[in-house]
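Q: Before anything else, here's the structure in question.
The values are calculated or read from the model by the stated rules, or taken from the named source; none is laboratory data. The structure displayed is predicted, hence computed values, not measured ones. For neighbour counting, all protein chains shown are included, and Cβ atoms are generated from backbone atoms with ideal geometry for every residue, glycine included.
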Ligand SMILES: C[S@@+](CC[C@H](N)C(=O)[O-])C[C@H]1O[C@@H](n2cnc3c(N)ncnc32)[C@H](O)[C@@H]1O
């Protein structure tokens, strides 16, 4: 099966499904389990390259089970979407700390936005909001939210690696994105995206806990800091309990 530019074999997918479907999870339909696995791999495609490692395999199984447990019969589809782990866990006070440095933006571009734009009311200001995301379901949800809330904004289904020219904005968000677009062991794509972001302030975040909620041993991304130094970009770091943000002055 192809997930964006990566390939996961049917055997691997089946072995993840079988590991999830144990104990109280065995009654859940195979298709439902598969759908959740694919959804999580889409959210974090880089995991496909690491899935041979037991640690990552086990974490995925745990995270899929957690979502299935939450989802079964308790929440409708929409509520489930809002429970997307990445956005749900964000500490929204971080927006205030970010805009303290950058000033309130008039326009934001959010790359690989997930459903983060649904937290628009947490921004503390009312900028135009442009989101690019490869997942169609998220994009539909964001656009109907923008319409309903009369927000000046638009989400577009797009592989950000195919965007030739990025629109100009005061602030760009790349939240928990770089490690999902990177191909194995190369930081070339990240560097391209950092260079191409057409803005004065670029905010890049990384998770500091694993998908199963444990703290990472080495949360700081040295490779990223070295890259920023090499590109002579100044940055400040804001830490929250599960995510670190690089506020980069371009
Ligand atoms: C870990 S999630 C983070 C979502 C959101 N930025 C947040 O932090 O709340 C990564 C997101 O990037 C999206 N994504 C990954 N590769 C992408 C690509 N090449 N083009 C567009 N979106 C991509 C995924 O669909 C997913 O929604």
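Q: So residue 99 passes all but one of these: (1) more than 20 Å from residue 238 (Cα to Cα); (2) buried (at least 18 other Cβ atoms within 10 Å of the Cβ); (3) away from the ligand (no atom under 16 Å from the Cβ). Which condition number does it fail?
A: (1)
Q: Can you find even one residue in segment 26-37 that is surrounded by 10 or more Cβ atoms within 10 Å (Cβ to Cβ), within 16 Å of the ligand (Cβ to nearest atom), more than 17 Å from the chain's Cα centre (by Cα) and within 27 Å of residue 133 (Cβ to Cβ)?
A: The answer is yes, given that some residue of segment 26-37 is surrounded by 10 or more Cβ atoms within 10 Å (Cβ to Cβ), within 16 Å of the ligand (Cβ to nearest atom), more than 17 Å from the chain's Cα centre (by Cα) and within 27 Å of residue 133 (Cβ to Cβ).
Q: From the set of residues in segment 125-163 that are away from the ligand (no atom under 14 Å from the Cβ) and under 28 Å from residue 195 (Cβ atoms), which is surrounded by the fewest Cβ atoms within 10 Å (Cβ to Cβ)?
A: 152
Q: Additional query: Would a scan of segment 2-9 turn up a residue that is in a helix (DSSP H, G or I), surrounded by fewer than 18 Cβ atoms within 10 Å (Cβ to Cβ), in contact (Cβ under 8 Å) with a residue 12 or more places away in the chain and not assigned by TED's automatic domain parsing to the domain that holds residue 136?
A: no
Q: Can you pull out every residue in segment 216-233 that is touching a strand residue (DSSP E or B) at 6+ places or on another chain (Cβ under 6 Å) and farther than 18 Å from residue 44 by Cβ?
A: 228, 233
Q: While we're looking at this one, here's another question. Within segment 165-213, take every residue that is in a loop (DSSP other than H, G, I, E, B) and more than 18 Å from the chain's Cα centre (by Cα) and give me the one that is nearest to the ligand (Cβ to nearest atom). Step through it out loud before you land on a result.
A: Let us first name the residues in segment 165-213 that are in a loop (DSSP other than H, G, I, E, B), namely 165-168, 176-177, 182-187, 197-198, 208, 210-213.
Applying the additional criterion that residues be more than 18 Å from the chain's Cα centre (by Cα) yields 165-168, 185-186, 198.
Numbers: 165: 16, 166: 12, 167: 15, 168: 19, 185: 17, 186: 14, 198: 17 Å.
Filtering first and then ranking leaves 166.
Q: Here is a follow-up. Would you confirm whether or not segment 134-145 contains a residue that is closer than 25 Å to residue 247 by Cβ, at pLDDT 95 or above and not in a helix (DSSP H, G or I)?
A: Within segment 134-145 (the criterion being closer than 25 Å to residue 247 by Cβ, at pLDDT 95 or above and not in a helix (DSSP H, G or I)), the answer is no, since none of the residues qualifies.
Q: Quick one: which helices (runs of 4 or more DSSP H) sit completely within segment 48-88 and have at least 3 residues that are modelled with pLDDT of 80 or more, assigned by TED's automatic domain parsing to the domain that holds residue 28 and surrounded by 13 or more Cβ atoms within 10 Å (Cβ to Cβ)?
A: In segment 48-88, the matching helices (runs of 4 or more DSSP H) lie at 54-71.
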